[in-house]
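First comes the structure, then the notes that go with it.
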Amino acid sequence: MSRGTYEGDIDEIKFVKRFNKNKEHFHIYVQKFNTFTNYWMVRVTTKQLSKLSNQKVFTRADAYLAKFNTDITGILKESDYYLTEDVLNKKNIGYEKIPYSGISVKMTDSSNYQILKVGPNSFAALFNNYELGAGASLFCLRENELNKNEALIYGWKTTPQNMALFFNDFTNGDLNFHLNQEVCKQIKNFSCKKIEDEINSSQELQEKIFNGKDLYDEPYTAWFFYHGEEIAELKSIPFSVTTGSGRSHGDYTIVLKPINR
C-alpha cells in the first residue's frame, strides 16, 4: 500500500516501538508465531523488487517479525525499541525474516491512504488489458478537457480504434468518441464498476492487490493490518476506483482508495 507521508512514517515508528515494548498487547497476532523465540518487530525501510512492475518499490508490508540469534537488548534500549532494516544492516546484525508476518500500518485516525496505485503496464498485468484503465481515466467532467483524452488513450498504451472496439456498446464504432462528453462519462462509469467487480469476484486478484501475494517475496506481503490500535488479519477492504493526481500532466495511474461502510 502506498506509503511515505510524514504522518504515515510517524505512525509506523510508533507501532514498531509499541509492539517491541509490549508484545503481549498484540497476543492474538503473537500466538500465530509462537514457534519462534527472540523475535522483534522490524520496520521496512528498503525497497523490494515488485514482480508486477519489475521495479524496486515500497512493499505491502510496512513492518514484519524478525528472529534474532543473539541478544539485542542493548540495541533495543539504545533505539527506544525502534528497529529498522537500515539500522540492523548498518550494524551488521544478523536476523531471520519470519514469513507471512508482514503488517500494513495505517494512520489510526484516517482512511486517507491508497490501497493500490498502478500505471498502464502494471494495470494490464493485473487485468489483462489497457482499455479498462484508459476508460476509467477519461476526462469527462468538463467539456473543455475532452481534448486531453486522445493523449491519455495513447498514454495508456492503446489507441482510439482499440478503445472504440472495446467499448463498442457506448461508441458504436465512432473513433472520435473521446470528444463526446456523455459517451466518455458512460465509459468511465462502466470501467470503474468493471474494475471493482473483477476485483470483488476474484480471490486471486484480491490477494495480489490487498496482500501482495506473488508480487513480493516474504515477508514483504501483508497478511495483517494495523489500524485503530489493533492488528487484524488483512483480507479485502471496501474500496473505490479513481485516478492519480498526475493525469493532467501525463502521469496516468489507477488508484484504489478505501471507503467507509
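Every number here is computed from the coordinates shown, using simple stated rules; none is lab data. As the structure is a computational prediction, the values presented were derived from the model and not from experiment. Virtual Cβ from ideal backbone geometry, glycine too; neighbours counted across all protein chains shown.
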Margin query: Using only the alpha-carbon atoms of the stretch 127-261 as identical scatterers, what base-10 log of I(q)/I(0) does the Debye formula give at q = 0.18 Å⁻¹?
Written below: -0.99
Checklist line | For the chain, cysteines whose Cβ has no other cysteine Cβ within reach (under 4.7 Å) | finding: Cys192
Check: In what sequence do Arg43, Arg60, Arg142, Arg18 fall when counting other Cβ within 10 Å, fewest first?
Finding: Arg142, Arg18, Arg43, Arg60
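Which percent, nearest 5, of DSSP beta bridges in the chain are antiparallel?
Numbers: 22 of 26 bridges.
Approximately 85 percent, going by the DSSP bridge assignments.
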Note to self: Taking R0 as 45 Å, what FRET efficiency do you get between Glu145 and Thr73 from their Cβ-Cβ distance, rounded to the nearest 0.05?
What the structure shows: 0.15
Check: Summing Lys, Arg as +1 and Asp, Glu as -1, what charge do residues with Cβ under 12 Å from the Cβ of Val255 carry, Val255 excluded?
Finding: +2
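Mind giving me the FRET efficiency for Lys32 and Asp174? R0 is 51 Å, r the Cβ-Cβ distance, nearest 0.05 is fine.
Values: r = 56 Å, r/R0 = 1.09.
That pair, Lys32 with Asp174, gives E of 0.35.
Sorting check: for 99-105, 154-160, which peptide has the highest mean count of neighbouring beta carbons within 10 Å, and how do the rest follow? Each step should come with its number before you reach the end.
Working: 99-105: 23.3, 154-160: 18.6.
Ranked from most to least packed, the peptides come out as 99-105, 154-160.
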Next item on the list: Could you pull the Cα extents of the chain along its three principal axes, largest to smallest, in whole Å?
Entry: 70, 35, 28
Note to self: Less than 22 Å apart at the alpha-carbon level, and either on another chain or at least 8 residues along: which lysines does that give for Lys148?
What the structure shows: Lys117, Lys157, Lys185, Lys188
Next item on the list: Rounded, prolate or oblate: pick one for the stretch 210-261, where a ≥ b ≥ c are the square roots of the eigenvalues of its C-alpha gyration tensor, a/c under 1.5 means rounded, and failing that, prolate if a/b is larger than b/c, else oblate.
Entry: oblate
Next item on the list: Please work out whether the stretch 1-147 counts as rounded, prolate or oblate from its C-alpha gyration tensor, where a ≥ b ≥ c are the square roots of the eigenvalues and a/c under 1.5 means rounded, while otherwise a/b larger than b/c means prolate and anything else oblate?
Entry: prolate
